[in-house]
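**Student:** Here it is, the structure, as structure tokens.
The values are calculated or read from the model by the stated rules, or taken from the named source; none is laboratory data. All figures in this text were calculated on a predicted structure; none of them were measured in a lab. Here the Cβ positions follow ideal geometry from the backbone for every residue, glycine too, while neighbour counts run over all protein chains shown.
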Amino acid sequence: MSVTRRLIILSLIAIVGLAVAALSLGRLRSESDAAREKRSFAQADATTTELLTAQARLSPSEAESLRRNQVIPDSLHRLAVAIVDPLFDASAGFCLPDGSLIVLRTVAPVSFTPSPHSPSGTPFVTAGQRHPFFPLDRDVVRSACLRQRGRALDHTRFVAPNDLLFVTVQGAQDGLSAWTLLRIPNRLRDPENRRWLPLLLLMFLMMAALVLISLDTVISLRRGSDALSHALRALERDLRAQIPKPRVLELLRLAEGLSTLTAHLWEAQERERQLAAKLDHEKRLAALGRVVAGVAHEVRNPLTGLKLRLDLMARRKLDDKSATDVKRALTEVSRLDRVVGSLLLLSKRAPTTLEQVSLASLIDDRMDLLSALATSRQIRLLREGDAVLYCDPLAMSGVIDNLLRNALEASPMHREVRVQIGQSEQTVTLRVSDHGSGVPKERESELFEPFFSCKPDGTGLGLCLARAAVESHQGRIGYERHDHITSFVVELPQRFPERSSDERTSTPAPDR
């Protein structure tokens with residue numbers, strides 16, 4: 001989830017929570033104990049005042065009958081019904097100086113009427129009452145009446161197990177006192193008060209959700225930022241380092257963008273390394289070509305003269321020792337001439353003659369020439385497949401001859417050297433495999449460099465010349481080692497691309 005949505009949700013929850021809290025606090029304020037007590041005593045005071053006013057209007061005989069015989073006049077009874085019945089749970093009447101009670105009217109909701117079978121609910125009934133006057137109410141009112149003596153007005157607040165009792169006693173001149181009792185249920189037992197309990201619960205849940213979402217947002221942002229900071233430090237050392245994916249949507253998008261960026265940077269870095277390696281190789285070959293041009297001019301002509309002199313000496317009648325020395329000298333001169341010729345090939349970067357040839361026929365010819373070497377080492381030469389290739393036959397024969405000779409020399413006795421030809425829509429693949437030990441892992445990068453050789457008597461130019469010939473055909477050559485099998489893989493385009501006039505004119509002329 002995004003930070004923006006989280007903040008919007010937090011704001012909405014906070015607004016709703018504050019509104020609910022305001023409503024709840026207002027309700028609690030209006031329904032607080034102090035407010036309820038004040039309102040209850042105000043109602044009780046008004047009721048006792050009206051009773052005293054009505055009692056003062058009674059005739060002397062009615063007043064005396066009320067005080068002595070507890071006979072309630074009709075006018076007083078009607079007044080009590082009018083002022084007590086509208087109240088929720090109330091009783092009203094008069095009390096005598098000795099504490100005797102005259103109950104004019106008592107009303108109570110049915111849901112709060114005690115069971116008549118309960119010992120504590122045994123009613124104290126006064127004739128003509130609509131509801132029973134409970135013993136607890138009687139005792140509380142009697143105690144308030146006795147305590148009111150000498151005072152004009154007395155308020156009593158009594159906490160019952162399930163209710164709150166509010167009693168107001170107000171004295172009169174003839175010894176009678178008017179009293180009013182109001183009963184209010186405790187908050188948890190009041191059905192009206194239970195209605196706002198869900199509001200409090202909802203407010204609590206909203207506030208809890210607000211806190212949890214806030215904590216989750218802060219923790220997610222902190223962990224995500226820390227993880228990305230560690231990833232950035234790791235990327236300074238390695239562009240392929242793993243980038244974590246935070247839970248916050250914005251940080252996740254940032255991490256994905258960073259992953260894409262590092263992937264592109266790594267690919268660009270790899271291309272740069274490959275181009276640098278290729279440029280370095282080209283520089284080496286160019287430098288070698290310049291050296292070869294001078295060497296060919298300075299060395300080949302004297303070698304030609306030496307060879308002619310030695311040929312003339314070989315035709316003469318010489319003793320055995322001299323003939324042997326001349327023959328050995330001719331062999332060394334021929335070897336030096338081949339080395340110079342190999343070096344001259346490095347300066348020729350493009351094939352001179354292009355023909356359409358059968359690669360299988362070309363390979364079979366080279367295998368025939370090397371069959372004597374294969375027989376001496378008891379190695380089988382196998383060829384699989386065929387393909388038509390547009391190439392320079394001489395250059396390609398040199399590549400095949402070099403790869404086959406290396407494979408025969410590296411392969412153990414009684415094994416086989418396998419040549420596999422593959423062809424796709426635009427590419428021809430040549431794979432030469434043997435069971436030799438291969439090249440040490442740490443030296444594979446030098447394999448196609450000039451003058452690198454693992455053979456004691458090798459010149460180190462064979463694979464370098466093969467690579468130059470393959471690349472001059474717009475192909476590539478590679479080395480593989482799998483399951484104790486060494487393979488050289490050559491990939492060539494089936495048709496050689498047309499060269500531009502610049503490329504044709506830039507082909508070096510043969511050495512003079």
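**Student:** Give the residue that is surrounded by the most Cβ atoms within 10 Å (Cβ to Cβ), with candidates limited to residues of region 46-59 that are touching a strand residue (DSSP E or B) at 6+ places or on another chain (Cβ under 9 Å) and within 12 Å of G171 (Cα to Cα).
**Tutor:** Step by step, filter region 46-59, then rank; the result is L51.
**Student:** While we're on this one: Of the residues in region 63-98, how many are part of a strand (DSSP E or B) and under 23 Å from P185 (Cβ atoms)?
**Tutor:** Here the count works out to 4.
**Student:** Got a number for residues in region 363-373 being among the hydrophobic types (A, V, I, L, M, F, W, C) and in contact with a helix residue (DSSP H, G or I) (Cβ under 6 Å, 6 or more places away or on another chain)?
**Tutor:** Total satisfying the criteria: 3.
**Student:** Answer yes if at least one residue in region 429-452 is in contact with a Gly (Cβ under 6 Å, 6 or more places away or on another chain) and not in a loop (DSSP other than H, G, I, E, B), and no otherwise.
**Tutor:** Yes: region 429-452 contains one or more residues that are in contact with a Gly (Cβ under 6 Å, 6 or more places away or on another chain) and not in a loop (DSSP other than H, G, I, E, B).
**Student:** Considering L96, L66, L87, which residue is in contact with a Gly (Cβ under 9 Å, 6 or more places away or on another chain), of a type in the set (A, V, I, L, M, F, W, C) and in contact (Cβ under 8 Å) with a residue 60 or more places away in the chain?
**Tutor:** None of the others qualify; the one that does is L96.
**Student:** Considering P198, P302, which residue is modelled with pLDDT under 85, under 30 Å from K327 (Cβ atoms) and exposed (fewer than 15 other Cβ atoms within 10 Å of the Cβ)?
**Tutor:** P302
**Student:** Now, a different point. Within region 255-278, which residues are more than 11 Å from the chain's Cα centre (by Cα) and farther than 30 Å from L447 by Cα?
**Tutor:** The answer is G257, L258, S259, T260, L261, T262.
**Student:** Run E236 past the list (1) loosely packed, with under 11 Cβ neighbours inside 10 Å; (2) under 25 Å from I8 (Cα atoms) and report the number of the one that doesn't hold.
**Tutor:** Failing condition for E236: (2).
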